[in-house]
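The structure under discussion appears below in the form of structure tokens.
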Amino acid sequence: MSEPSSPPLLELERLSCHFPIRGLLGRRAGTLRAVDDVSLSLREGEALGIVGESGSGKSTLGKTLGGIHDPTDGVIRLAGEPIATQRSRRPLSVRARLQYVYQDSGASLDQRWTLRRSLHEPLVIHTDWSREHREAKVREIAGAVGLAEEHLDLYPHELSGGQQRRAGLARILVLGPQIVVFDEPTSGLDFSVQATVLALIRGIRRMFNLTYLMISHDLNVVGSMCDRLAVMYLGRIVEIGPTREVLGRPRHPYTRSLVDSLPRIGGPRVTDRLGMPGEPVFPADMHQGCGYRTRCPIGTLACTRIDPRLVIKEAHGVACLEWRP
Amino acid sequence: MTALLEIRDLCLAFRTDKGPAQVLDGVDLTVAPGEIVGLVGESGSGKTSLARAILGALPVPQAEIASGRIRLDGVDMLRGGKAAESLRGRVVTFVPQDPLDSFNPLFRVGTQLADIMRYRAPPAKEGRFGNARHARETAILEMLDAVQLPQSRALLDRYPHQLSGGQRQRVMLAMALLPQPRMIIADEPTAALDVTVQVQILGLLRRIAAERGVAILFTTHDLGAAWEICDRIIVMYAGQIAEILPRTAFFAKSRHPYTRMLLASLPEPGREAIGISGESASPLSPPPGCRFHPRCPMASDICRKARPLPSRSEDGHLVACHHPWAAASSPAHV
């Protein structure tokens, strides 16, 4: 998908993350395929959105990238070099270059530390800079995320919710990461605050030429923040492509139903039409065929037997047997 | 049409260690039978407290209703005593945000539905051989059918944690409908659901209101969900009503700066949402005058001094603002 001239900054090759399901007496009763055979790549400066409903595996994918889960199979490459394999500790230098931001990034601040100390800490661990050098960096980044200098002497509980998120972002940015994984960066925020947080992420993207992966259940959020979108269903990528294409001309029936389910203020009511029936099945219960077939309006008999592969045409990929170019 | 629910000048405060927190300030609203009214606001706007005040479910020692009245079906809900008590859970029922918190995890779904039938619902028609239990079961299965739950008999034997999020919310709706209420108060009923399931539940709420003539008071922070199902939307900010919009004036003709800025905050592919700077007003020390003035770009001296009085136009559109947008102008984002 990427041009040969610019090698992808991040590359996932057939990445899987499975969890054992324990039954009676801890015996292995099955396998939960949270992430199953996912391949994608990300060029420098690009923003990729990963969208899916609960249970689609989008968060597990993000956590596997962030080094919180070990992949069961497959390779993650950062600038061409493999960084995550099964059961190997990720080197410190890699962790600084690829950062994972939790849902409530403000909550990951130490409650008993001033903001200054929290922001210095990553630099103490990852660099051998002098105190003055670190302080200069901390002030620069705090300014970039819109925190005033006097905020640095405050404790997390003295900051508002929005300021805490800014502080959490600053903590990620002091290390100058090449790639940031945002996991539901605005969940639980009011719309008015969400918009300011998204504007902040847009601002730092421009400022630092940031490459990021944004995971969200909200199609509107990733749609407004990302160049490309990947739609996940039951651990698989069912569609991937440029945001405008995926939202404007969805190729997978699941993407279509997601797009059609979004309320459009001022437009016709979505509830006037029929909503998509059913809910996703439990990932462990799927054995064969397309995972979406239980809800699919256009499924055929073949869909129960054949596992659709991701077919990419004109940078727009879809995993559906029924799709024709 | 006479109102089913009528709230006049409701002022509610919570006693806290730091002094009284004014959660609701002079709220006026009515809901007609069969009407779906959306109560839209961000966190701290007082929408959930308002819903709880109607249900009489406010925390007892802390909550203090300073003034105002709530009348439901002609009964004074605040001072009605036994008469008001007999309406709660019967004439007005409740659908919570996260149904898992509201089920008893130790009892099967069927048992919990049967309890509602026994203690809250009007007596069922005599069943086969005059068996009341059989009649109750028939009524429950009919209701599960009405909320579009297939294979409902198998469902009755399950425990709440064995149901999916959408199924739980449907069972909750069935429980709210069994007493044959005239009004359902739904507190963010779709906030915890995926978008494809949200559409199903919203469609179901609309059908219930249309087919059974049940009024629904629907609190949400999601303007999109409100747009989907509401006949009227009440926009609240910091315990006060900012604007009431009828369906015909829905959003495109919104006049309050807060409503417009909230709309401009919605993320949308291909557009950069703007957001509202600053923090929501603290209920402990609300700003004088209009509570939105510290965040409002239109604010002037009068906004800092005097609370704007609501002005109502013929179509029922009400706005409480000293500098409302002209009725004809269309908001920037449309």
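When you go through B:78, B:144 one by one, which is the residue that is without any contact (Cβ under 8 Å) to a residue 60 or more places away in the chain and not in a helix (DSSP H, G or I)? It would help to see each step written out before you state the result.
On the way: B:144 fails: not in a helix (DSSP H, G or I).
Being without any contact (Cβ under 8 Å) to a residue 60 or more places away in the chain and not in a helix (DSSP H, G or I) holds for just one of B:78, B:144, which is B:78.
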>> Return the residues of the range B:57-67 that are in a strand (DSSP E or B) and either polar (S, T, N, Q) or buried (at least 18 other Cβ atoms within 10 Å of the Cβ) (or both); say none if nothing qualifies.
In response: B:67
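From the residues in the range A:223-264 that are within 15 Å of residue B:270 (Cβ to Cβ) and facing chain B (nearest Cβ under 8 Å), which one is most open to solvent (accessible area, probe 1.4 Å)?
Our first condition is that a residue be within 15 Å of residue B:270 (Cβ to Cβ); within the range A:223-264, this holds for A:223-229, A:242-249, A:259, A:262, A:264.
Next, from what is left, pick out any that are facing chain B (nearest Cβ under 8 Å): A:223-225, A:243-244, A:247, A:262, A:264.
Working: A:223: 6, A:224: 21, A:225: 6, A:243: 13, A:244: 206, A:247: 34, A:262: 21, A:264: 115 Å².
The residue in question is A:244.
Would you check if there is a residue in the range B:108-120 being in contact (Cβ under 8 Å) with a residue 40 or more places away in the chain, of a type in the set (Phe, Trp, Tyr) and out of contact with any Lys or Arg (no Cβ under 8 Å at 6 or more places or on another chain)?
From the range B:108-120, those in contact (Cβ under 8 Å) with a residue 40 or more places away in the chain are B:108-110, B:112-113, B:116-117, B:120; that's our starting set.
Adding the requirement that they be of a type in the set (Phe, Trp, Tyr) leaves none.
No, the range B:108-120 has no match at all.
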>> I'd like to verify a number: residues in the range A:1-24 that are modelled with pLDDT under 75 and either open to solvent by 50 Å² or more (accessible area, probe 1.4 Å) or in a strand (DSSP E or B) (or both), how many?
In response: 5
> For the range A:182-196, what are the residues that are buried (at least 22 other Cβ atoms within 10 Å of the Cβ), under 18 Å from residue A:109 (Cα atoms) and not charged (D, E, K, R)?
Replying inline: A:182, A:185, A:186
> Of the residues A:220, A:209, which is within 17 Å of residue A:186 (Cβ to Cβ), surrounded by fewer than 21 Cβ atoms within 10 Å (Cβ to Cβ) and either at pLDDT below 95 or more than 11 Å from chain B (Cβ to nearest Cβ) (or both)?
Replying inline: A:220
> Which pairs have Cβ atoms under 8 Å, sit 6 or more apart or on different chains, and link a residue in the range B:210-231 that is within 7 Å of chain A (Cβ to nearest Cβ) to one that is of a type in the set (S, T, N, Q) and open to solvent by 30 Å² or more (accessible area, probe 1.4 Å)?
Replying inline: B:221/B:43
> Out of all the residues in the range B:251-279, which are in contact with a strand residue (DSSP E or B) (Cβ under 8 Å, 6 or more places away or on another chain), open to solvent by 10 Å² or more (accessible area, probe 1.4 Å) and within 11 Å of another protein chain (Cβ to nearest Cβ)?
Replying inline: B:253
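Looking at the range A:182-200 only, could you name the residues that are acidic (Asp, Glu) and either part of a helix (DSSP H, G or I) or over 23 Å from residue B:40 (Cβ atoms) (or both)? Full working, then the answer.
Residues of the range A:182-200 acidic (Asp, Glu): A:183-184, A:190.
The one that is acidic (Asp, Glu) and either part of a helix (DSSP H, G or I) or over 23 Å from residue B:40 (Cβ atoms) (or both): A:183.
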>> I'm checking my understanding of the structure. Among residues of the range B:152-181 that are open to solvent by 20 Å² or more (accessible area, probe 1.4 Å) and not in a helix (DSSP H, G or I), which one is nearest to residue B:89 (Cα to Cα)?
In response: B:180
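For the range B:33-48, what are the residues that are assigned to a loop (DSSP other than H, G, I, E, B) and open to solvent by 20 Å² or more (accessible area, probe 1.4 Å)? Step through it out loud before you land on a result.
Going through the range B:33-48, the residues assigned to a loop (DSSP other than H, G, I, E, B) turn out to be B:33-35, B:41-46.
Matches in the range B:33-48: B:33, B:34, B:35, B:43, B:44.
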>> So residue B:243 ticks every box in (1) free of Cβ contacts under 8 Å to residues at least 40 places away in the same chain; (2) more than 13 Å from every other protein chain (Cβ to nearest Cβ); (3) in contact with a helix residue (DSSP H, G or I) (Cβ under 8 Å, 6 or more places away or on another chain) but one. Which box is left unticked?
In response: (1)
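Residue under question is residue B:191, and the condition is that it be modelled with pLDDT under 90, more than 20 Å from residue A:257 (Cβ to Cβ) and within 15 Å of the chain's Cα centre (by Cα); does it hold? Explain how you work it out, then say what you get.
Details: modelled with pLDDT under 90: yes; more than 20 Å from residue A:257 (Cβ to Cβ): yes; within 15 Å of the chain's Cα centre (by Cα): yes.
Answer is yes for this residue.
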> Quick check: anything in the range B:186-193 part of a helix (DSSP H, G or I) and away from chain A (no Cβ under 11 Å)?
Replying inline: no
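Based on what the data block shows, is residue B:107 modelled with pLDDT of 90 or more, open to solvent by 50 Å² or more (accessible area, probe 1.4 Å) and either within 14 Å of chain A (Cβ to nearest Cβ) or under 14 Å from the mean Cα position of the chain (by Cα) (or both)?
Details: modelled with pLDDT of 90 or more: yes; open to solvent by 50 Å² or more (accessible area, probe 1.4 Å): yes; either within 14 Å of chain A (Cβ to nearest Cβ) or under 14 Å from the mean Cα position of the chain (by Cα) (or both): no.
So residue B:107 does not fit the description; no.
Quick grid of which residues meet (1) more than 25 Å from residue B:283 (Cα to Cα); (2) under 19 Å from the mean Cα position of the chain (by Cα):
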{"position": "B:8", "(1), (2)": "no, yes"}
{"position": "B:16", "(1), (2)": "no, no"}
{"position": "B:26", "(1), (2)": "no, yes"}
{"position": "B:29", "(1), (2)": "no, yes"}
{"position": "B:32", "(1), (2)": "yes, yes"}
{"position": "B:37", "(1), (2)": "no, yes"}
{"position": "B:43", "(1), (2)": "no, yes"}
{"position": "B:74", "(1), (2)": "yes, no"}
{"position": "B:77", "(1), (2)": "no, yes"}
> If you check every pair at least six apart or on different chains, which have Cβ atoms under 8 Å apart with a residue in the range A:174-186 that is on the phi > 0 side of the Ramachandran plot and in contact (Cβ under 8 Å) with a residue 12 or more places away in the chain first and a residue that is open to solvent by 10 Å² or more (accessible area, probe 1.4 Å) and of a type in the set (Phe, Trp, Tyr) second?
Replying inline: A:176/A:208
> Can you tell which of B:51, B:83, B:13 is more than 30 Å from residue B:203 (Cα to Cα) and buried (at least 18 other Cβ atoms within 10 Å of the Cβ)?
Replying inline: B:13
>> Every residue in the range A:149-181 that is open to solvent by less than 40 Å² (accessible area, probe 1.4 Å), away from chain B (no Cβ under 14 Å) and either under 30 Å from residue B:259 (Cβ atoms) or not in a helix (DSSP H, G or I) (or both), please.
In response: A:169, A:174, A:175, A:177, A:179, A:180, A:181
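Quick grid of which residues meet (1) open to solvent by less than 60 Å² (accessible area, probe 1.4 Å); (2) in a strand (DSSP E or B):
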| position | (1), (2) |
| --- | --- |
| A:32 | yes, yes |
| A:40 | yes, yes |
| A:55 | yes, no |
| A:60 | yes, no |
| A:70 | no, no |
| A:76 | yes, yes |
| A:82 | no, yes |
| A:90 | yes, no |
| A:93 | no, no |
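Go through the residues of the range B:89-99 one by one and say whether even a single one is farther than 24 Å from residue B:219 by Cα and open to solvent by less than 30 Å² (accessible area, probe 1.4 Å). Quick ask: steps written out before the conclusion?
Of the residues in the range B:89-99, the ones farther than 24 Å from residue B:219 by Cα are none.
No, because not a single residue in the range B:89-99 is farther than 24 Å from residue B:219 by Cα and open to solvent by less than 30 Å² (accessible area, probe 1.4 Å).
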>> As an exercise: evaluate residue A:32 against (1) among the hydrophobic types (A, V, I, L, M, F, W, C); (2) within 30 Å of residue A:126 (Cα to Cα); (3) more than 14 Å from chain B (Cβ to nearest Cβ) and give the number of the one condition it does not meet.
In response: (2)
> Applying the selection to the range B:295-331, what residues are of a type in the set (A, V, I, L, M, F, W, C), more than 20 Å from residue B:262 (Cβ to Cβ) and either modelled with pLDDT under 90 or in contact with an Asp or Glu (Cβ under 9 Å, 6 or more places away or on another chain) (or both)?
Replying inline: B:328
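Going by the structure shown, is residue A:122 surrounded by 14 or more Cβ atoms within 10 Å (Cβ to Cβ), in contact (Cβ under 8 Å) with a residue 40 or more places away in the chain, within 14 Å of chain B (Cβ to nearest Cβ) and more than 17 Å from residue B:277 (Cβ to Cβ)? Break it down into steps so the answer makes sense when it comes.
On the way: surrounded by 14 or more Cβ atoms within 10 Å (Cβ to Cβ): yes; in contact (Cβ under 8 Å) with a residue 40 or more places away in the chain: yes; within 14 Å of chain B (Cβ to nearest Cβ): no; more than 17 Å from residue B:277 (Cβ to Cβ): yes.
Considered against the rule, which asks whether it is surrounded by 14 or more Cβ atoms within 10 Å (Cβ to Cβ), in contact (Cβ under 8 Å) with a residue 40 or more places away in the chain, within 14 Å of chain B (Cβ to nearest Cβ) and more than 17 Å from residue B:277 (Cβ to Cβ), residue A:122 comes out as no.
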>> Of everything in the range B:122-152, what is modelled with pLDDT of 85 or more, more than 15 Å from residue B:112 (Cβ to Cβ), charged (D, E, K, R) and in contact with a helix residue (DSSP H, G or I) (Cβ under 8 Å, 6 or more places away or on another chain)? Give them in sequence order.
In response: B:145
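The values are calculated or read from the model by the stated rules, or taken from the named source; none is laboratory data. Please read all numbers here as calculations on a predicted model, not as lab measurements. Glycine gets a Cβ as well: all are built from the backbone with ideal geometry, and neighbour counts include every protein chain shown. Ligands, DNA and RNA are stripped out before the accessible areas are found, and what is left, the full protein with its side chains, is counted by its heavy atoms. Shrake-Rupley method; radii C 1.70, N 1.55, O 1.52, S 1.80 Å.
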